[in-house]
1. May I ask you to verify whether Asp454 is outside the structural domain of Thr379 (by TED's automatic domain parsing) and charged (D, E, K, R)?
2. Take the conditions under 27 Å from the mean Cα position of the chain (by Cα), free of Cβ contacts under 8 Å to residues at least 60 places away in the same chain and not in a strand (DSSP E or B) and apply them to Asn331. Does it pass?
3. State all residues of the stretch 342-396 that are of a type in the set (A, V, I, L, M, F, W, C), under 30 Å from Gln590 (Cβ atoms) and touching a helix residue (DSSP H, G or I) at 6+ places or on another chain (Cβ under 9 Å); if no residue qualifies, say none.
4. What is the residue count in the stretch 426-441 for residues that are in a loop (DSSP other than H, G, I, E, B) and either of a type in the set (Gly, Ala, Ser) or on the phi < 0 side of the Ramachandran plot (or both)?
5. Could you list, in sequence order, the residues of the stretch 359-390 that are within 22 Å of Ala413 (Cβ to Cβ) and either surrounded by 16 or more Cβ atoms within 10 Å (Cβ to Cβ) or in contact (Cβ under 8 Å) with a residue 60 or more places away in the chain (or both)?
6. Please count how many residues of the stretch 608-642 are within 22 Å of the chain's Cα centre (by Cα) and touching a residue at least 12 places away in the same chain (Cβ under 8 Å).
7. If we keep just the residues of the stretch 442-491 that are of a type outside the set (A, V, I, L, M, F, W, C), buried (at least 21 other Cβ atoms within 10 Å of the Cβ) and part of a loop (DSSP other than H, G, I, E, B), which is modelled with the lowest pLDDT?
8. When you go through Ala352, Ala280 one by one, which is the residue that is surrounded by 16 or more Cβ atoms within 10 Å (Cβ to Cβ) and part of a helix (DSSP H, G or I)?
Amino acid sequence: MSINLYQTGVSGLLSAQQQLGTTGHNIANVNTEGYTRQRAEQAAMAGNANSGNFIGAGTYVQDITRLYDQFSYKEQLLNKSNLGNADSISTDLNQLNQIMSFSNEAIGGSIDRFYQAANGIADNPSDIGLRNIALSQAEVLATDFNSLNDNLDQLEKSTNGEIEQIANKISQISLDLAKVNEQILDNKNLDQTGQPNDLLDKRDQLVSQLGEYTSVNTIEDSNGVMTVMIGNGATLVAGTTALTVSVQAGDPDPLQTKLQLNSRNGSVALDGAKLGGAIAAKIEYRDEHVAKARSELNRLAMSVSQTLNQTQAQGLDLNGKQGQDIFTDINSTSLQNSRVLASSKNSGSVQAGIKITDISLVPTNEFSVKYDGSDYIMTNELNGSKTTLAESSLGSGVYSTDFGFEFSVNSGAADANDSFTLRPTENSAALMHVTLNDPKGIAASSAISIAANDNNVSNGAVNIVNVTNPEIARTFTEGSNEQLTVDVYESAPGTFEYRVYNAANPPPAAPLANGSFAAGASAVIDMPPSPATPAFQIEIAGLPVGQGEFAREKFTISDAFGSGNASNASIMAATQEQQILGGGKQTFNQALATASANVGSNASSAEFVADTAQALYTQAYNRNQSKSGVNLDEEAANLLKYQQAYQASSQIISVANTIFDTLLAATR
């Protein structure tokens, strides 16, 4: 009996010892990240038969279990991925917002100062000092555009570096997970019945770290070996086999780097935007937010350059010559070609470009073009709509679009399935430079002017539009600098007839141009008339009723050049308030403010999402900790309980020893 009692006491002692050890292990790891609380599961030994009864034989620890709840853990893991994504995009957008806000002030101020100088020239067109100031302000404006573009370049490059760093971290975690899987499998092969709890904690901690960078799903087999999948189900770890993630140059844009999953058998592309976590946030930030800000900047730079260059070309400089471009021509060969990126997989030899035809219609999004063997199919990447491009009347290889640009095949031939990426605004800010060096070259003077006859009685209007060659416009009337006359009257209800003729050679001599138009419409007349290339156009609009065929409304067009003429400078100054962008709805400053405000709004929204994600993660973490984390108060109570059990078991052994000694003494 004393022997059984002794064994019972020893079993209790050993069990209490293991429980104390487990409790101490919990307390020691209270601050260990990812540690799961353990518990020694105690059970009674089978009793011994004795005189028809079963006498208890003591206790044993049948298992050391982890207090692990897979549902609360996976909830925490999901929220960690969401937090990694939200935190990353919020931090990055805040940085972009700061850059855009600063640049908004810089570029907006430069635009204002340039137009102040233009207004000064309009007031005093012959002042060389004012002209020098205008060119200096143009230089500052171009430099500000260049600087913001450089900042966005740096953001793109640094984001690419961060994407590569995250890919390397994912790869290292993958290798570590495969090693832990191998260690767990080794334990199984050694016929260990218990779970390697600390290895399981290490593995879960690695999965949790992985969850910050990408969304994660796991499956555990009967041997306890885990398969880890990322994103939409791409396998990263298959048992003891680790796959790695690497970064490759983008195609067709090398800077738009792509991800791929690598194994011994080869590599497959990963859709980084669908991976979740921080890496998806970085890709979204680069490909959507930075790219959008850059496109807005490029479109604004393009609009400023084109508008001022066009206005400059309509006037005459101090030497009586047509105004030359102030800024880089937006349709220079280098800019046109840079707007088309050909896929490296193309087998054809096409070299293509994009020519801007209407800046007010140009969007900021990308387009893709694919040659199907007979036609070029253009896809609007904003909404996925497809259009079969048709050659324009300008000639073979020129394809017009509804978006203010033409797609031009400059040379070579396309093969079926060749594809191209179109970026209509590409490089406009980077390549914006002042090309006018002589202050006398600012075209402040208009070439011609138009005046209504004092005897006109209606509200009809005749305007000079689209001056493309002011030198020819000035001398076009037979080279004599004589005046042109436009007369118009209502020949029938709702129908207006017009004539354009040399004032020195009036009807009945044949007019230079004549025709009619209906009420509500207008007439646009090329001067000189077709087939010559027009130097300017005359637009007749309104209701120029007149007082009959012999009392027509008359307008006189005459040479306007002179050092005191500042009409074109006034037109140039007025373009600051002209609504050019966004389908003719925004001025330069409004477009700049809108672009900056959009980034600010996105940054605010991202900050709110990040705060919400943090709150949800904290809740999920606390729930998981309440089930799996170490509670020091509970462990302290367990220490006392197991200490008392240890002491009581020691007392059982002491009693057994006493009984045994008594039995020995009785036999002496």
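1. Answer is yes for this residue.
2. yes
3. Ile354, Ile356, Ile359, Leu361, Val362
4. Total meeting the criteria: 11.
5. Scanning the stretch 359-390 gives Phe367, Ser368, Val369, Lys370, Tyr371, Tyr376, Met378, Thr379, Thr387, Leu389.
6. Qualifying residue count, the stretch 608-642: 3.
7. Applying the filter and picking the extreme gives Thr477.
8. Answer to the selection: Ala280.
The values are calculated or read from the model by the stated rules, or taken from the named source; none is laboratory data. Keep in mind it's a predicted model, so treat the numbers as computed, not measured. Don't worry about glycine lacking a Cβ; one is built from the backbone with ideal geometry, like all the others, and counts go over all protein chains shown.
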